[in-house]
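J.: The structure under discussion is supplied below as structure tokens; questions concerning it will follow.
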Amino acid sequence: MEGILKELEDIVGRRYVSASPEEKYIYSRDQGLQEPHDPDAVVLPGSTEEVQAVIRLANRERVPVVPMGGGLVLSGLTIPQKGGIVLDMKRMNRIIEVNETSRYAVVEGGVSQGVLKAYLERRHPGLKHSLPDAPPVATIAGNVAIHGSGHLSQSEGGFHSEMVTGLEAVLPTGEAVRLGSCSTVPGWFSRAPLPDLAGLFLGWNGTTGIITKIGIKLFPKPKMEDILVYMTGSVDILPDLIYRITGTEMAEDMVAAISPKPDWLRGFPILLITVTANSEEEMAMKVGIIRESVRHYYQTMESGFMPVPPYMKSQFLGAPLKDLSKFADVMKGGGFEYVGSIMPVEKLPGACSAGLDIAEKHRVTCSMGARVIGRGHCMMFFNAYAFNRADEDNMARSALALEETNRATLELGGIPWKAEAPGQQDILRKMEPGTIQLMNRIRSLLDPNGIMNPGNWEAR
Amino acid sequence: MEYQELLHRCFRCGWCKLPLNFVDINCPAYMTYRFESFSPGGRLWLIRAWLQGDVEMSDRFREIIFSCATCKNCVEACALPKIKDNLVDIVIAARNEIVQTGKLPGPVRDYLMRVYDTGNPYGKPQADRLRWTDGLDVPLYRDQEFLLFIGDVGAFDESGMEMARNVAKALQLAGVSFGIMGEEEISDGNDVYALGEKDLFKHLAERLMKGFGDRGVKKIIALSPHSYNAFKNYYAAAGGKIDVLHFSHLLALKLSNINGGTLQARVTFHDPCYLGRWNNDYNACRSVLGGIRGIELAEMERNRANSLCCGGGGGNFFTAMLGSGPDSPSRHRVREALDTGADILAVACPICRKMLEDAVKDESAEDSIRVRDIAGIVLEAAGAWH
Ligand SMILES: Cc1cc2nc3c(=O)[nH]c(=O)nc-3n(C[C@H](O)[C@H](O)[C@H](O)COP(=O)(O)OP(=O)(O)OC[C@H]3O[C@@H](n4cnc5c(N)ncnc54)[C@H](O)[C@@H]3O)c2cc1C
Ligand code: SF4
Ligand code: SF4
């Protein structure tokens with residue numbers, strides 16, 4: 001590795017390469033429950049050319065490369081399972097272009113969600129992008145590389161990977177490619193009408209190449225936002241509530257929260273409905289239509305819209321929600337990891353009861369909920385387990401609960417999202433052999449030496 | 001180690017890397033090094049790893065621990081209450097552990113040794129503490145209303161000395177009655193404390209408290225926000241009863257005594273961490289600037305609680321661990337100031353003054369912007385400059 005380190009230093013500069021025990025320690029682990037594994041080196045590239053040179057070197061030496069953005073995926077996808085180089089992308093933090101009229105932004109592969117948000121607020125206040133509730137240092141590229149979702153996933157077209165308008169990526173053999181309209185003409189406005197090659201990098205957990213630039217859709221930013229909170233006595237009616245409200249096309253974001261804590265909320269799931277508008281009249285109209293769509297329920301059942309005092313609203317509005325990170329302190333232990341399951345909305349009650357059983361069986365603290373994706377085309381159902389980093393037994397039980405939740409999700413007809421390496425194997429075991437073969441062929445074609453994030457999506 | 005029981009509660013979620021408005025990285029150490037290990041959360045995880053024996057004490061480890069500028073951006077932005085409340089104290093406690101081992105990074109050791117040996121971090125004779133007064137009529141403290149505490153940078157650094165002269169002249173112009181300690185002044189210990197040398201801090205504090213007591217000092221004006229912080233928070237916590245103001249507080253109060261004047265300039269103000277985030281004062285300096293005709297105040301994107309540290313806090317001014325390269329906080333700050341289109345970058349701390357002056361030169365921006373301390377701006381407006 002000595003010789004390689006010197007070459008890495010020549011590529012990115014001495015101060016941006018480290019093989020010190022301290023960096024090895026920090027980059028060997030994430031906030032979740034997967035086993036740590038040391039990298040051989042951590043490298044911070046500053047440009048596409050530097051990424052290319054690092055990849056070529058890694059290929060020559062058959063050294064694994066693990067791209068990392070915010071490193072906040074929680075499920076170990078940036079842990080270098082087979083050692084090698086962790087490529088921390090966050091020095092590539094330039095916002096290259098915002099096209100106000102065609103509503104897209106082009107950013108480098110290490111630009112964070114928070115920094116893009118702040119940039120738009122200052123320079124393009126009429127525009128916003130869809131933010132996940134991850135801490136604001138999560139990157140745009142890392143998020144689409146795992147099919148993330150966020151505040152506009154319900155109203156504006158689904159997963160964030162579906163909002164990608166173009167990519168520049170460095171292939172595992174070192175060539176830089178452009179995908180989407182930017183491959184052919186100057187603008188980054190669309191992936192159609194060309195063959196859609198961007199999909200080769202979306203959802204692949206960094207196993208097919210490194211995203212160095214990304215075009216992402218922006219959306220109009222209405223002047224006002226409000227939150228409606230619908231409380232029900234039963235999870236069973238949630239799918240139909242979601243169906244009715246998404247049918248109105250009046251809600252921006254919809255999140256169901258099913259929490260065993262606080263105690264008074266147990267058995268009382270709530271549906272948080274964010275509504276945005278440009279005027280009081282528009283807001284009143286939208287809220288009125290949403291209310292009307294579920295009148296049947298609040299007139300006939302013990303459920304209805306809760307009055308929400310302003311201080312409470314501020315907890316639910318805004319993005320990303322800081323309170324979600326506070327879940328890590330529930331056990332006073334600095335940790336949580338969640339299984340996010342992409343599944344049809346009608347599976348929600350089943351997922352809830354499976355989640356409660358698993359939490360009880362393993363004696364772990366679990367919070368559940370779901371973000372609606374698209375007009376209810378599916379949801380991201382989450383079982384979040386808070387654990388105490390200083391309590392090994394608690395961590396072990398939480399890890400077992402996660403594994404069991406992955407399997408339960410598949411049995412229910414959903415698919416674990418951003419699954420840990422063992423969870424990926426659970427998925428692959430259920431996958432059609434033809435699909436696995438295709439994945440393998442693509443991988444070996446793109447990455448003949450198997451250097452990209454090995455251990456992930458390794459279909460055997 | 002003190003606070004050991006809290007360390008595992010940091011989630012390493014990274015909220016602490018950004019300001020509250022997310023504009024850009026706002027942790028000076030992380031901004032400079034860019035490795036996760038130099039972020040606030042990374043630092044806490046490494047301290048825990050060290051205490052558990054998972055990483056050893058090494059030069060790199062010390063560099064990580066001592067590169068924190070104690071600017072408190074992380075305290076402002078941290079997501080988890082218990083960690084947030086104690087973040088910088090945890091770093092200082094870890095430094096204290098390292099001090100106990102006796103193996104310090106060279107620049108930290110040298111700094112502490114000089115303070116120990118000579119009472120100032122420059123290792124200069126105490127007689128030099130009066131050099132800044134050359135040509136000025138500044139009395140020693142006898143029974144004036146205030147003691148003006150100059151601090152190390154104001155007394156020994158060329159830029160700091162200019163600031164000391166400005167502050168003394170502006171206070172005189174405002175009719176404030178004050179005297180100085182002169183050769184008897186020693187280091188206030190703020191940055192010694194920040195570097196974890198609590199015993200040396202105690203020794204300095206006791207000596208200074210005695211000096212104040214012997215002179216019957218009741219009220220102090222601090223030139224440096226670092227001194228202000230030490231007297232207000234650490235000395236008070238140690239039972240020292242001192243009424244302390246920063247010089248900007250007095251200028252804000254007495255500006256009407258100065259026959260105003262005008263300064264046609266676009267000014268952007270750089271909040272010093274030890275006035276702003278440490279002591280929640282964001283208004284005094286702005287009120288001084290706002291009181292001068294012709295000044296148009298243009299805020300940087302990171303201002304008040306979101307302000308970016310110049311990189312000189314926590315002893316870094318002397319240990320220079322954050323360097324002066326293009327990724328250093330002071331260079332970032334100057335670029336941010338240039339973005340406002342301001343002609344003047346206003347400062348209220350001698351450390352910020354020197355750091356940002358150097359950064360303006362490194363950015364070759366001398367023709368676009370000049371660094372001025374608040375007192376200098378008051379003098380310039382009043383036509384009393386030089
Ligand atoms: C409190 C909390 C709330 C969260 N809420 C949400 C949410 O609402 N929605 C959501 O989607 N997620 C959420 N997450 C999960 C996760 O944090 C986000 O998805 C985050 O955006 C991941 O981005 P990252 O930059 O941290 O990626 P990383 O963790 O760095 O990487 C994720 C994957 O992408 C790969 N990768 C990273 N960068 C690149 C690149 N440039 N090129 C190729 N591959 C790359 C990595 O190898 C890895 O496989 C949440 C997490 C937390 C802690
Ligand atoms: S210090 Fe606070 S904000 Fe930073 S990583 Fe730790 S818990 Fe998160
Ligand atoms: S005090 Fe400032 S320099 Fe130190 S860790 Fe916090 S943000 Fe970084």
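J.: Being at the interface with chain B (Cβ under 9 Å from one of its Cβ atoms) and free of Cβ contacts under 8 Å to residues at least 12 places away in the same chain is the filter; apply it to the range A:96-130 and report the residue that is nearest to A:A169 (Cα to Cα).
T.: So the residue we want is A:A118.
J.: Is it the case, given these coordinates, that B:N96 is away from chain A (no Cβ under 12 Å), open to solvent by 10 Å² or more (accessible area, probe 1.4 Å), part of a helix (DSSP H, G or I) and within 15 Å of ligand 2 (Cβ to nearest atom)?
T.: No: the conditions fail for B:N96.
J.: For the range B:1-32, how many residues are within 9 Å of ligand 3 (Cβ to nearest atom) and within 8 Å of another protein chain (Cβ to nearest Cβ)?
T.: 1
J.: For B:G119, are the conditions met, namely being open to solvent by 10 Å² or more (accessible area, probe 1.4 Å) and not basic (K, R)?
T.: Details: open to solvent by 10 Å² or more (accessible area, probe 1.4 Å): no; not basic (K, R): yes.
Judged against the criteria, B:G119 is not a match.
J.: Moving on to the next point. State whether one or more residues within the range A:347-370 are open to solvent by less than 30 Å² (accessible area, probe 1.4 Å), at pLDDT 95 or above and closer than 16 Å to A:S75 by Cα.
T.: No, that holds for no residue.
Quick grid of which residues meet (1) surrounded by fewer than 24 Cβ atoms within 10 Å (Cβ to Cβ); (2) on the phi > 0 side of the Ramachandran plot; (3) in contact (Cβ under 8 Å) with a residue 60 or more places away in the chain:
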residue: B:C13; (1), (2), (3): no, no, yes
residue: B:C16; (1), (2), (3): no, no, yes
residue: B:V23; (1), (2), (3): yes, no, yes
residue: B:N26; (1), (2), (3): no, no, yes
residue: B:R34; (1), (2), (3): yes, yes, yes
residue: B:S39; (1), (2), (3): no, no, no
residue: B:G42; (1), (2), (3): no, no, no
residue: B:W45; (1), (2), (3): no, no, no
residue: B:G53; (1), (2), (3): yes, yes, no
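J.: Please specify each residue of the range B:273-296 satisfying the condition of being crowded, with 18+ Cβ neighbours inside 10 Å and over 12 Å from the mean Cα position of the chain (by Cα).
T.: Once the filter is applied, which keeps residues that are crowded, with 18+ Cβ neighbours inside 10 Å and over 12 Å from the mean Cα position of the chain (by Cα), the range B:273-296 yields B:D281, B:A284, B:C285, B:R286, B:V288, B:L289, B:I292, B:I295.
J.: Tell me the residue from B:L87, B:L112 that is within 10 Å of ligand 3 (Cβ to nearest atom), modelled with pLDDT of 95 or more and out of contact with any Phe, Trp or Tyr (no Cβ under 9 Å at 6 or more places or on another chain), please.
T.: Result of the check over B:L87, B:L112: B:L87.
J.: Please go through the range A:18-35 and give me each residue that is within 10 Å of chain B (Cβ to nearest Cβ) and free of Cβ contacts under 8 Å to residues at least 40 places away in the same chain, ordered by number.
T.: Answer for the range A:18-35, where residues must be within 10 Å of chain B (Cβ to nearest Cβ) and free of Cβ contacts under 8 Å to residues at least 40 places away in the same chain: A:S18, A:S20, A:P21, A:E22, A:E23, A:K24, A:Y25, A:I26.
J.: In addition: Name the one entry in A:I237, A:I242, A:I290 that is open to solvent by less than 30 Å² (accessible area, probe 1.4 Å), more than 30 Å from A:A359 (Cα to Cα) and assigned to a helix (DSSP H, G or I).
T.: Just one listed residue meets the conditions, A:I290.
J.: To continue, here is another question. Within the range B:83-93, work out how many residues are near ligand 2 (Cβ under 10 Å from one of its atoms) and either in a loop (DSSP other than H, G, I, E, B) or of a type in the set (A, V, I, L, M, F, W, C) (or both).
T.: Matching residues across the range B:83-93 total 3.
J.: Testing A:L348 on (1) outside any helix (DSSP H, G or I); (2) among the aliphatic types (A, V, I, L, M); (3) away from ligand 1 (no atom under 12 Å from the Cβ), one condition comes back false. Which one is that?
T.: (1)
J.: Just to check your reading of the model, which residue among B:I98, B:I83, B:I90 is touching a helix residue (DSSP H, G or I) at 6+ places or on another chain (Cβ under 8 Å) and within 16 Å of ligand 1 (Cβ to nearest atom)?
T.: Criteria check complete, one pass: B:I83.
J.: Just for the range A:67-105: of the residues that are in a strand (DSSP E or B) and closer than 20 Å to A:D10 by Cα, which one is farthest from ligand 1 (Cβ to nearest atom)?
T.: A:I85
J.: Then there is this: What's the number of the condition B:G14 fails, among (1) within 12 Å of ligand 2 (Cβ to nearest atom); (2) in contact with a Lys or Arg (Cβ under 8 Å, 6 or more places away or on another chain)?
T.: (2)
J.: Is there a residue being surrounded by fewer than 24 Cβ atoms within 10 Å (Cβ to Cβ), more than 16 Å from ligand 2 (Cβ to nearest atom) and within 21 Å of B:S330 (Cβ to Cβ) anywhere in the range B:74-81?
T.: Among the residues of the range B:74-81, not one is surrounded by fewer than 24 Cβ atoms within 10 Å (Cβ to Cβ), more than 16 Å from ligand 2 (Cβ to nearest atom) and within 21 Å of B:S330 (Cβ to Cβ), which makes the answer no.
J.: Sticking with this structure for a sec: For the range B:17-29, give me each residue that is within 10 Å of ligand 2 (Cβ to nearest atom) and either in a helix (DSSP H, G or I) or at pLDDT below 95 (or both).
T.: Correct list: B:K17 only.
J.: Within the range B:51-69, count every residue that is within 16 Å of ligand 3 (Cβ to nearest atom) and over 23 Å from the mean Cα position of the chain (by Cα).
T.: Summing the residues that are within 16 Å of ligand 3 (Cβ to nearest atom) and over 23 Å from the mean Cα position of the chain (by Cα) in the range B:51-69 gives 1.
J.: Check off (1) assigned to a loop (DSSP other than H, G, I, E, B); (2) modelled with pLDDT of 95 or more for A:G340 and give me the number that stays unchecked.
T.: Checking A:G340 against (1) assigned to a loop (DSSP other than H, G, I, E, B); (2) modelled with pLDDT of 95 or more, the one that fails is (1).
J.: Out of all the residues in the range B:218-241, which are closer than 22 Å to B:G160 by Cβ and either touching a Lys or Arg at 6+ places or on another chain (Cβ under 9 Å) or of a type in the set (A, V, I, L, M, F, W, C) (or both)?
T.: Answer for the range B:218-241, where residues must be closer than 22 Å to B:G160 by Cβ and either touching a Lys or Arg at 6+ places or on another chain (Cβ under 9 Å) or of a type in the set (A, V, I, L, M, F, W, C) (or both): B:I220, B:I221, B:A222, B:L223, B:A230, B:F231, B:Y235.
J.: May I pose another question? Which of the residues spanning the range A:311-342 are more than 10 Å from chain B (Cβ to nearest Cβ) and crowded, with 23+ Cβ neighbours inside 10 Å?
T.: Selection gives A:E337, A:Y338, A:V339, A:G340, A:S341.
J.: Out of curiosity, is B:K72 farther than 26 Å from B:S324 by Cα and more than 15 Å from ligand 1 (Cβ to nearest atom)?
T.: No, not satisfied.
J.: Residue check, A:R122 against (1) away from ligand 3 (no atom under 16 Å from the Cβ); (2) closer than 25 Å to A:G209 by Cα; (3) not hydroxyl-bearing (S, T, Y), all met but one. Which one?
T.: Among (1) away from ligand 3 (no atom under 16 Å from the Cβ); (2) closer than 25 Å to A:G209 by Cα; (3) not hydroxyl-bearing (S, T, Y), A:R122 violates only (2).
J.: Which members of the range B:42-63 meet the condition of being at the interface with chain A (Cβ under 9 Å from one of its Cβ atoms) and within 19 Å of A:K90 (Cα to Cα)?
T.: Within the range B:42-63, just B:G42 meets the criteria.
J.: So, in the range A:392-449, exactly how many residues are open to solvent by less than 40 Å² (accessible area, probe 1.4 Å) and assigned to a loop (DSSP other than H, G, I, E, B)?
T.: Qualifying residue count, the range A:392-449: 5.
J.: Let me ask something else about it. Return the residues of the range A:263-287 that are modelled with pLDDT under 90 and either open to solvent by 40 Å² or more (accessible area, probe 1.4 Å) or part of a loop (DSSP other than H, G, I, E, B) (or both); say none if nothing qualifies.
T.: Matches in the range A:263-287: A:D263, A:W264, A:R266, A:G267, A:F268.
The values are calculated or read from the model by the stated rules, or taken from the named source; none is laboratory data. Small disclaimer: the values here were computed from a predicted structure and weren't measured. All Cβ positions, glycine included, derive from the backbone under ideal geometry; neighbour counts span all protein chains shown. What goes into the accessible areas is simple: the full protein's heavy atoms, side chains included, and nothing from ligands, DNA or RNA. Shrake-Rupley method; radii C 1.70, N 1.55, O 1.52, S 1.80 Å.
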